[in-house]
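Structure first, then comments.
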Amino acid sequence: MLEVDDKVPFTEHLEELRHRLIVCFVAVGIGFAVCYAFKERLFEFLAAPLIGAMQEGDKLVFTGLPEAFFTYLKIAFLAGCVLASPVIIYQFWMFVAPGLYRRERRVLGPIVGLSILFFVGGGVFGYLVVFPLGFQFFLSFATETIRPLPAMKEYLGFATKLLIAFGLAFELPLVITFMARLGLVSVDFLKKNRRYALLLFFVAAAILTPPDVVSQILMALPLMLLYELSIIGARVFGRKPLDDPDAAR
């Protein structure tokens, strides 16, 4: 006779997942509705670095009749997701946490918090430092016969990609520190391969940023500093590599 399984049935997990997804969608919908009421201000805030680099009298344009409308919809949706992110993170945590051991919860909680902090820090760095310098470089190609006419749609996509790229790039210390904690890398390994990491940073910057030297350097330099911070994190929180014979002692 089969033993009765006292674990929660799989269907209940699916029902819980469905409920939490509905809560997340409702939160995003409410955030979208709130942010759409401030859509013009939100776009002006996002476009402030570009507007500051433009000459007096220049303005952003939209080249298609529905372009402004859909651009406002997109920025309201993105801002709504950001506004609803605490609810989304909470729902994710409440769905995952019951399946974790107490020790795993103590470790995963700070990791989630730090990852959000580093991602936001990368986005803020891109917005405050990279955007003004990068836009000044792009607009410097204007002449008496060539006038820049940046469009709303292109700018929103361009700015969003850059903010996400810098946010992901600033996760580097957390990723390397976590790898060092697992014993996959060591401080000596990170120091010895510093030159290769430098080359990799410039290659990654060339892929993630627009094809200009200024943006690539502005991403590669922070990555170099973050790599040094990663070495410090590996020294403090890391352990010996898995292939080290002394690691098992």
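Summary of values
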| quantity | calculated |
| --- | --- |
| Linear extension gain, Ala142 paired with Ala206, 0.36 nm per residue minus alpha-carbon span | 20.7 nm |
| Within the chain: Cβ-based charge dipole about Cα centre, in debye rounded to nearest 20 (Lys, Arg +1; Asp, Glu -1) | 620 debye |
| Selection from Ile51, Leu73, His19, by position along the positive dipole direction of region 19-76 (Cβ) | His19 |
| Where Cα atoms sit under 26 Å apart: lysine pairs in region 1-157 separated by 8 or more or lying on different chains | 6 |
| Förster-model FRET efficiency, 22 Å R0, Ile111 and Ile164, C-beta, rounded to 0.05 | 0.65 |
| Neighbour cut-off at most 15 other Cβ (10 Å), DSSP loop, GluC sites (Glu not before Pro), region 45-149 | Glu56, Glu144 |
| Cα gyration tensor shape of the chain, rounded if a/c is under 1.5, else prolate or oblate by comparing a/b with b/c | oblate |
| Net charge dipole size for region 168-221 [Lys, Arg +1 and Asp, Glu -1 on Cβ; Debye, nearest 20] | 280 debye |
| Neighbour-limited loop hits for chymotrypsin sites (Phe, Trp or Tyr not before Pro), region 71-113 (at most 10 other Cβ within 10 Å; DSSP other than H, G, I, E, B) | Tyr101 |
| Farthest positive-ward along the chain dipole, Cα basis, beta-carbon charges - from Pro110, Met152, Val61 | Pro110 |
| Whole-Hz ³J(HN,Hα) from phi, Karplus 6.51 cos²θ - 1.76 cosθ + 1.60, for region 148-163, glycine and proline x | x, 10, x, 9, 4, 4, 5, 5, 4, x, 5, 5, 4, 4, 5, 4 |
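Quick note: the coordinates plus some simple rules give every number you see, no bench work behind them. Nothing here was measured: the structure is a model prediction, and the numbers come from that model. Because the Cβ atoms are built from the backbone with ideal geometry, glycine has one as well, and the counts that use them run over all protein chains shown.
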